[in-house]
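This report refers to the structure that appears directly beneath it.
The values are calculated or read from the model by the stated rules, or taken from the named source; none is laboratory data. Values in this document were obtained by computation on a predicted structure and should not be read as measured data. Virtual Cβ from ideal backbone geometry, glycine too; neighbours counted across all protein chains shown. Note: areas computed on protein heavy atoms with side chains; ligands, DNA, RNA excluded. Shrake-Rupley method; radii C 1.70, N 1.55, O 1.52, S 1.80 Å.
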Amino acid sequence: MSSDGISDVPVNLAVPKTDATLTIRVIKSFEYRTEKSLVLHHVNLETTTVSQLKETVRQAIQTQPAWKPYRNVTLDTIKLYTKAHGAKTTNLIINLDHDEWIFEDDSKTLAEMGLENESEVSFFNRQLYEDFKQHPDTKW
């Protein structure tokens, strides 16, 4: 604790893994940089699986009016974008490096995948991602 009464512990470590806040960057188009963020509060990283996170986000897209333009996209892949206090990519839509950050195993918990409080992940269509990696051109 610093002398002004403010904790020196980073927020990603101060909040327990059973009550995390995650930002899900739902990507509709890589070329046009069409992305909308969904913030989820009170996520238990120790019990929530990758599959459950995908379903939670899909449910929000199907039921919340603001997400109507995203309902026609097949979202099947999650990839770590950044952790709190971590470095961000220079690409505004997704980090094209670190394919090992793709969550390949839907049965693993979010804690097992290395997520912490205030982590950001991208949720997108894998085939569109692979196509964009081959030709990372933006159209706007």
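Over the residues of the chain, the helix contribution to mean residue ellipticity at 222 nm works out to -5500 deg cm²/dmol, using -39500 (n - 2.57) for each DSSP H run of at least 4.
Can you give the local net charge around residue 21? Use residues other than it whose beta-carbon is closer than 13 angstrom to its beta-carbon, Lys and Arg +1, Asp and Glu -1.
-2
Largest accessible area first, the residues 47, 82, 138 order themselves as 47, 138, 82 under a 1.4 Å probe with ligands, DNA and RNA left out. Summing charges over neighbours of residue 46, with a neighbour being any other residue whose Cβ is under 14 Å away from its Cβ, gives -1 when K and R count +1 and D and E count -1.
The order of the peptides 105-113, 19-27 by mean Cβ neighbours within 10 Å, most packed first, is 19-27, 105-113.
Mind checking which lysines have their C-alpha under 24 Å from residue 68, skipping anything on the same chain fewer than 8 residues away? List returned: 28, 36, 54, 79, 139. Under a model in which nothing but the beta-carbon of Lys, Arg (+1) and Asp, Glu (-1) is charged, segment 28-140 shows a dipole of about 620 debye around its Cα centre. Counted by Cβ distance under 13 Å from residue 68, the other residues give a net charge of +3, where Lys and Arg count +1 and Asp and Glu count -1.
So the label point goes 7 Å from the Cα of residue 127 along Cα→C-beta, right? Which residues of segment 47-83 then have their backbone N under 18 Å from it? Correct set: 71-78.
Over the chain, one equal point on each Cα, no solvent: what is log10 I(q)/I(0) by the Debye formula at q = 0.10, 0.12 Å⁻¹? Each listed q corresponds, in turn, to -0.35, -0.50. With every protein chain in place and a 1.4 angstrom probe, the accessible-area ranking of 81, 32, largest first, reads 32, 81.
Place a label point 7 angstrom from the Cα of residue 71 along the Cα-to-Cβ direction, then list the residues of segment 96-140 whose backbone nitrogen is under 20 Å away. What the label zone holds, given the 20 Å backbone N cut-off, is 124-125.
Taken along the Cα-to-beta-carbon direction at a fixed 7 Å, the label points for residue 42 and residue 112 span 2.6 nm.
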